[in-house]
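Quick one: the structure is below, and I'll ask about it shortly.
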Amino acid sequence: MSSPEFLTRLEGTTVTLNRVNPSPDSPLHVGPTRWEIVSKVHERAHIVNQRDATNGLGPAYLAGKFLCRPASPGNPNSLSFMRMYKQIPIAVTEFEKAPIRAAQAVKSHEPTELTAFKFLEQKGCDVIPRLLGYQSDQQDRDDTVPGGFIMYVIWEKVPGEFIDWEKFWSSSFSQREEIRLKFYEVYEYVLRAPDYNNGPRANK
């Protein structure tokens, strides 16, 4: 039985990013400022209970991955990826009154994905997709967590096919070895990036 999804009916809506001046420390927001959501790829939930939240394992959030395209006239109609992070209530408080849910609000939250994107781009890493922009907003008073964060991260869609665990282990031994070799080459490249040890760590 599949889990219910909440980031629905967003196809055709637009997300507007605030344009910022690029700098050596923030080589970002290089793409269009308005993006149209085309379709949803998947949605996942990071659920935490009160004990988790007290121990610093929060916040709870939904993470939805979407295909999107530039919404501004004159821009190429090429597809990119967008990840939407939206704070949700702590487990068993989903139906509490708005003031109780609002008390859980985290005004801003930078996901590890975005931290890694920014760090690797700042170090000139050219084996990752380009980060096209990001935006941090807050939910309104009628939303799931009033005042809680909504974060958008947009990056280019590059040629290739996403390989999950199921696809990897269903591949032949020679195919798995080829994938491991390519991954190792890229991972070694990233490890050689200047100041890597001061940045977000990748998982092997």
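The values are calculated or read from the model by the stated rules, or taken from the named source; none is laboratory data. Worth saying up front: this structure is predicted, and the values here are computed from it rather than measured. Cβ placement follows ideal geometry from the backbone for every residue including glycine, while neighbour counts extend to all protein chains displayed.
For the subset of the range 46-79 comprising residues that are modelled with pLDDT of 95 or more and small (Gly, Ala, Ser), which member is nearest to Thr144 (Cα to Cα)?
Ala60
Each row is one residue, and each column tells you yes or no for (1) within 24 Å of Ser39 (Cα to Cα); (2) among the hydrophobic types (A, V, I, L, M, F, W, C).
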| position | (1), (2) |
| --- | --- |
| Val106 | no, yes |
| Gln122 | no, no |
| Pro129 | yes, no |
| Lys157 | yes, no |
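Condition first: surrounded by 12 or more Cβ atoms within 10 Å (Cβ to Cβ) and under 22 Å from the mean Cα position of the chain (by Cα). Now tell me which residues in the range 93-107 satisfy that.
Gln104, Ala105, Val106
Being charged (D, E, K, R), surrounded by 16 or more Cβ atoms within 10 Å (Cβ to Cβ), without any contact (Cβ under 8 Å) to a residue 40 or more places away in the chain and assigned to a strand (DSSP E or B) is the filter here; which residues of the range 36-92 pass it? Lay out the reasoning, then the answer.
Keep residues of the range 36-92 that are charged (D, E, K, R), which gives 36, 40, 43-44, 51-52, 65, 69, 83, 86.
Then drop every residue that is not surrounded by 16 or more Cβ atoms within 10 Å (Cβ to Cβ), which leaves 36, 40, 43, 52, 65, 69, 83, 86.
Now drop any that are not without any contact (Cβ under 8 Å) to a residue 40 or more places away in the chain, which leaves 36, 40, 43, 52, 65, 69.
Matches in the range 36-92: Glu36, Lys40, Glu43, Lys65, Arg69.
Mind listing just one residue for me: the one in the range 129-170 that is β-branched (Val, Ile, Thr) and touching a strand residue (DSSP E or B) at 6+ places or on another chain (Cβ under 8 Å) and, of those, surrounded by the most Cβ atoms within 10 Å (Cβ to Cβ)? Give the derivation first.
Keep residues of the range 129-170 that are β-branched (Val, Ile, Thr), which gives 144-145, 150, 153-154, 158, 163.
Within this subset, residues satisfying the condition of being touching a strand residue (DSSP E or B) at 6+ places or on another chain (Cβ under 8 Å) are 144-145, 150, 153-154.
Values: Thr144: 18, Val145: 26, Ile150: 22, Val153: 22, Ile154: 23.
Filtering first and then ranking leaves Val145.
Continuing with this model, one more query. Are any residues in the range 93-116 closer than 16 Å to Phe149 by Cα, in contact (Cβ under 8 Å) with a residue 12 or more places away in the chain and of a type in the set (A, V, I, L, M, F, W, C), and if so, which ones?
Across the range 93-116, the qualifying residues are Ala98, Ala102, Ala105, Val106, Leu114.
When the range 143-192 is examined, which residues are found to be on the phi < 0 side of the Ramachandran plot, within 24 Å of the chain's Cα centre (by Cα) and assigned to a loop (DSSP other than H, G, I, E, B)?
Residues satisfying the conditions are Asp143, Thr144, Val145, Pro146, Gly148, Lys157, Val158, Pro159, Glu161, Phe162, Ile163, Asp164.
Of all residues being closer than 25 Å to Val15 by Cα and among the charged types (D, E, K, R) in the range 102-123, which is modelled with the lowest pLDDT? Just the residue, please.
Residue satisfying both the conditions and the ranking: Glu121.
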